[in-house]
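This report concerns only the one structure given below.
The values are calculated or read from the model by the stated rules, or taken from the named source; none is laboratory data. These numbers come from a predicted model, not from an experiment. Positions of Cβ are backbone-derived with ideal geometry, glycine not excepted, and every protein chain shown enters the neighbour counts. Quick note on the areas: whole protein, heavy atoms, side chains included, nothing else; ligands and nucleic acids left out. Shrake-Rupley method; radii C 1.70, N 1.55, O 1.52, S 1.80 Å.
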Amino acid sequence: MSLTVLKPDLQPSAPAPAPKAPAVVVKLPTPPSPFMARLAPMLRSLATNVVPPLVMTLALLLVWQILCGKPGATLPSPLTVWTEANDLITQPFFNMGSQDIGLGWRVMVSLQRVMIGFGLAAVVGVLMGCLIGQSVWAMRGLDPIFQVLRTVPPLAWLPISLAAFRDSSPSAIFVIFITSIWPIIINTAVGIRNIPQDYRNVAAVLRLNAFEFFIRIMIPSAAPYIFTGLRIGIGLAWLAIVAAEMLTGGVGIGFFIWDAWNSSRLPDIVVALLYIGLVGFILDRIVGALGNLATRGTAAS
Amino acid sequence: MQRPYLKIDHVSRSFQRGSTSTEVLKDVTLTIDKGEYVSIIGHSGCGKSTLLNMIAGLLPVSTGAILLEDREVNAPGPDRAVVFQNHSLLPWLTVYDNVKLAVDKVFSGARSKAERHDWTMHNLDLVQMSHARDRRPSEISGGMKQRVGIARALCMEPKVLLLDEPFGALDALTRAHLQDSVMQIHASLGNTVIMITHDVDEAVLLSDRIVMLSNGPSAVVGEVLDVDLARPRKRLDLVANPQYIRARESVLRFLYERHRFVEAA
């Protein structure tokens, strides 16, 4: 019953929107503002990526402030850190004498050590890994030794290296080297062992010599594994530098923490921890990005 | 008497696994002339690929010998270029660089840089792949990869071109295209080709001779069929050709009557 009533009602209303149509067409040119069109998704992704960490950081700071803000607290609260270590936070690169320098400079000194130690570890580690991956005999002989040595904590190497080098700076570099080399060796070896037989066959048909095989096949084919090892290695190297510098002294960020502890400047330590964390994060990302750059197209076959 | 170009002389191959030894191929004897297109066909597991790998030098023979122009084959080399079943292009190199690697290696002393570049491009043209020279293997289709694989093998100017089920992983249409390309190349360059296949039509269409292997273990050469079809061969014209049908039938008869693949039954 009601359907039959509705039908005649719809009929006259249908042509009604027709005269309005031209007005809508005129309005269309407003959206094509290419700048805004590109900005909107960028802002949206920024919001999804930045807002959650920001909220969580603020929440953590708040909890920290509540826990350490009351009188008699053993650790400094965020506000105390901000007021007492203000110069360290706001001016990373001041220089007022040999021991009174900004944390940025100290990080630079530590980074230099890490670069030397880690650089050596990367070169030696990749070569050793290739040897172990390629030769069954070398693997059988060296793998057990490496598996034992890699579990030795970084600081345990320090007395031995101090005795061997009789100087703090090469000892610190050696500790970094010996800490970061194991994952590089082991990952490279796995990568070399996983080179598909097809690529070896191609190399055999082309009669590539050992050096050409190393450069043209082994390194590119194992690159994803090598970079995984390097990424773990740089993380360990950064862990080791702080420990090594605490004992060997000098200008680095690790020694700064030890020095601040001895003179009871807890807020300075908190700032230094933040620096170490951020630099470690950046180092990890840099090696990761290098790996992505170097292994483009290698993952898919 | 004229010496054979490629001679496979009483070749056997067995694989050792712990204390047990399985013989894959037994007493295979074949002679192949220069410019001949020979297919090797048989059920899977009969040792076709083993035979090809031995000719390539990738596997040593257990007994017997393989002689190419009176010289014994005992190591892989560019005079016996292989087109692998799964293309085996290096994924970190572009199409151009994959072929160039082989050109540079084989002609490093003999040709100038410009000549090597021209030769690389010439071989890519031959398989109609020069348009994709800067793409990586992951960015091109399966048929295109196989074309590049063929270009890489051809550019070495091999004495024998070895094709290991080159079209096995391709769809039927792409396969037909590539078969036509290979026929054209064989007609113009006159290569000696040995092709492994399990496709009867492909074998009859492309080859001068079809070598049929019996089922393994201890596979032997069961039968050798001469295909006397005139070249150039046209896929469509052959469908009704009585000679083609007869050749096809005798291969099918060998494979499915006399040497039925037991495990597939």
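Hey, for a label at residue B:256 modelled as a point 7 Å past Cα toward Cβ, could you say which residues of segment B:172-207 have their backbone N under 14 Å away?
Taking a point 7 Å out along Cα→Cβ of residue B:256, the residues of segment B:172-207 whose backbone N falls under 14 Å are B:199-201.
Toward the positive end of the charge dipole of chain B, about the Cα centre and with charges on Cβ (Lys, Arg +1; Asp, Glu -1), which of B:61, B:150, B:245 goes farthest?
Looking along the dipole axis, the top candidate is B:150.
Please compute the length gained on full extension between residue A:156 and residue A:63, using 0.36 nm multiplied by the number of residues separating them and subtracting their Cα-Cα distance.
Stretched out fully, the residue A:156 to residue A:63 stretch lengthens by 29.8 nm.
From the residues A:172, B:106, A:242, which one has its Cα farthest along the dipole of the protein assembly as shown in the positive direction, the dipole being from +1 and -1 charges on Cβ of Lys/Arg and Asp/Glu about the Cα centre?
Of the listed residues, the answer is A:242.
Solvent-accessible area of residue A:56, probe 1.4 Å, all protein chains present, reported in Å² to the nearest ten, please.
120 Å²
With only alpha-carbon pairs counted, each pair once and no self-pairs, how large is the Kirkwood hydrodynamic radius of the protein assembly as shown in angstroms?
Evaluated over the protein assembly as shown, this radius sits at 30.2 Å.
Using a 1.4 Å probe on the protein heavy atoms, what percent of the accessible area of segment A:95-295 belongs to carbon and sulfur?
That share works out to 70 percent.
Over chain B, what is the relative contact order in whole percent, taking alpha-carbon pairs under 8 Å and six or more residues apart?
25 percent
Take every Cα-Cα pair in chain B and report what % of them are more than 35 Å apart.
That tail contains 16 percent of the Cα-Cα pairs.
Could you please put B:26, B:105, B:113 in sequence from largest to smallest accessible area, using a 1.4 Å probe?
Result, largest first: B:113, B:26, B:105.
Run through all the Cα pairs of segment A:129-222 and give the fraction in each 5 Å bin from 0, expressed as whole percent.
3, 13, 18, 16, 14, 12, 10, 7, 4, 3, 0
Please list B:192, B:63 from largest to smallest accessible area, probe radius 1.4 Å, with all protein chains kept in place.
The ordering from most to least exposed comes out as B:63, B:192.
So for segment B:1-157, averaging the separation of alpha carbon pairs under 8 Å that are six or more residues apart and normalising by length, what relative contact order in percent results?
Answer for segment B:1-157 is 21 percent.
Helix A:168-193 against the longest principal axis of chain A: what's the angle in degrees, Cα atoms only, rounded to the nearest 10?
That works out to roughly 60 degrees.
What is the distance, in nm, between label points placed 7 Å from the Cα along the Cα-to-Cβ direction at residue B:71 and at residue B:27?
Going by the 7 Å Cα→Cβ label model, 3.1 nm.
Taking the Cβ-Cβ separation of residue B:235 and residue B:44 as r and a Förster radius of 25 Å, what is the calculated FRET efficiency to the nearest 0.05?
That gives a FRET efficiency of 0.50.
Report relative contact order for chain A in percent, whole number only (criteria: Cα-Cα under 8 Å, sequence separation at least 6).
20 percent
Taking a ≥ b ≥ c as the square roots of the eigenvalues of the Cα gyration tensor of segment B:38-149, is the shape rounded (a/c under 1.5), prolate (a/b larger than b/c) or oblate?
Oblate, because a/c is 1.5 or more while a/b does not exceed b/c.
Starting at 0 and stepping by 10 Å, how many percent of the alpha carbon pairs of segment B:6-95 end up in each bin?
Result, from short to long distances: 14, 45, 29, 11, 1 percent.
Counting only other chains, and only Cβ atoms inside 10 Å, what mean value do you get across the residues of B:80-87?
2
Sort largest first and round to whole Å: the equivalent ellipsoid semi-axes of chain A, each the square root of five times a Cα gyration tensor eigenvalue.
So the three semi-axes of chain A are 53, 38, 17 Å.
Let's see if you can work this out: charge +1 on each Lys and Arg Cβ, -1 on each Asp and Glu Cβ, no other charges. What is the dipole magnitude of segment A:95-295 about its Cα centre, in debye to the nearest 20?
500 debye
With +1 on the Cβ of every Lys and Arg and -1 on the Cβ of every Asp and Glu, and nothing else charged, how large is the dipole of the protein assembly as shown about its Cα centre, in debye rounded to the nearest 20?
640 debye
Order B:131, B:198, B:117 by their accessible area, 1.4 angstrom probe, all chains in place, largest first.
Of B:131, B:198, B:117, the descending order of accessible area is B:131, B:198, B:117.
Which value, to two decimals, describes the C-alpha radius of gyration of segment A:96-172 once divided by 2.2 N^0.38 Å?
1.49
How many Lys pairs in the protein assembly as shown lie less than 17 angstrom apart by Cα atoms, where the lysines are 8 or more positions apart or on different chains?
Taking the protein assembly as shown as the scope, the lysine pair count is 10.
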